[in-house]
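Here's the structure, in structure tokens; my notes come after.
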Amino acid sequence: MNNPKSNSFPSLQIQRHFLESFVNKFNQTDCLAAKLVTDKSLVTLILSYNDQETIEIPYSASHFNDCIKNPQADWPPVAVQQELVAILDQLFSIPLNERI
């Protein structure tokens, strides 16, 4: 039986491939830097502003609430936040089972 809540994710290679396009989009903004970090079973996109890790976005994130925010980090100006939200909306609009 297929369980949509299962912790079974695609291979790390597929996760990296999917998130790389978003890394490129974030890195095209003036103030943001993005990189990928891989652990045993999950790839996470780390978004930084002013050289501070600001948000961790796991491959499995479907909403902003699924991300880990660094409360000590500086947040970018509103215009940059709007760019960030637009890119995250693109990511979150893709259902987990279609992220390849």
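The values are calculated or read from the model by the stated rules, or taken from the named source; none is laboratory data. As the structure is a prediction and not an experimental result, all values here were calculated from the model. Don't worry about glycine lacking a Cβ; one is built from the backbone with ideal geometry, like all the others, and counts go over all protein chains shown. Heavy atoms of the whole protein, side chains included, go into the accessibility calculation; ligands, DNA and RNA do not. Shrake-Rupley method; radii C 1.70, N 1.55, O 1.52, S 1.80 Å.
For the range 56-75, what are the residues that are in contact (Cβ under 8 Å) with a residue 24 or more places away in the chain, buried (at least 16 other Cβ atoms within 10 Å of the Cβ) and not in a loop (DSSP other than H, G, I, E, B)? Selection gives ILE57 alone.
Close Cβ contacts (under 8 Å, 6 or more residues apart or on different chains) running from residues in the range 76-100 that are touching a residue at least 60 places away in the same chain (Cβ under 8 Å) to residues that are open to solvent by 70 Å² or more (accessible area, probe 1.4 Å) and in a helix (DSSP H, G or I) comprise ILE87/LYS25; GLN90/LYS25; ILE100/HIS17.
Within the range 85-94, identify whether any single residue is in a loop (DSSP other than H, G, I, E, B), surrounded by fewer than 17 Cβ atoms within 10 Å (Cβ to Cβ) and out of contact with any Cys (no Cβ under 8 Å at 6 or more places or on another chain), and answer yes or no. Break it down stepwise before answering.
Of the residues in the range 85-94, the ones in a loop (DSSP other than H, G, I, E, B) are 93-94.
Subset that is surrounded by fewer than 17 Cβ atoms within 10 Å (Cβ to Cβ): 93-94.
Imposing the further condition that a residue be out of contact with any Cys (no Cβ under 8 Å at 6 or more places or on another chain) reduces the set to 93-94.
Looking for residues that are in a loop (DSSP other than H, G, I, E, B), surrounded by fewer than 17 Cβ atoms within 10 Å (Cβ to Cβ) and out of contact with any Cys (no Cβ under 8 Å at 6 or more places or on another chain), one finds at least one in the range 85-94, hence yes.
Scanning the range 52-71 for residues that are in contact with a strand residue (DSSP E or B) (Cβ under 8 Å, 6 or more places away or on another chain) and either of a type in the set (D, E, K, R) or more than 25 Å from PRO10 (Cα to Cα) (or both) returns GLU53, THR54, GLU56, ASP66, LYS69, ASN70.
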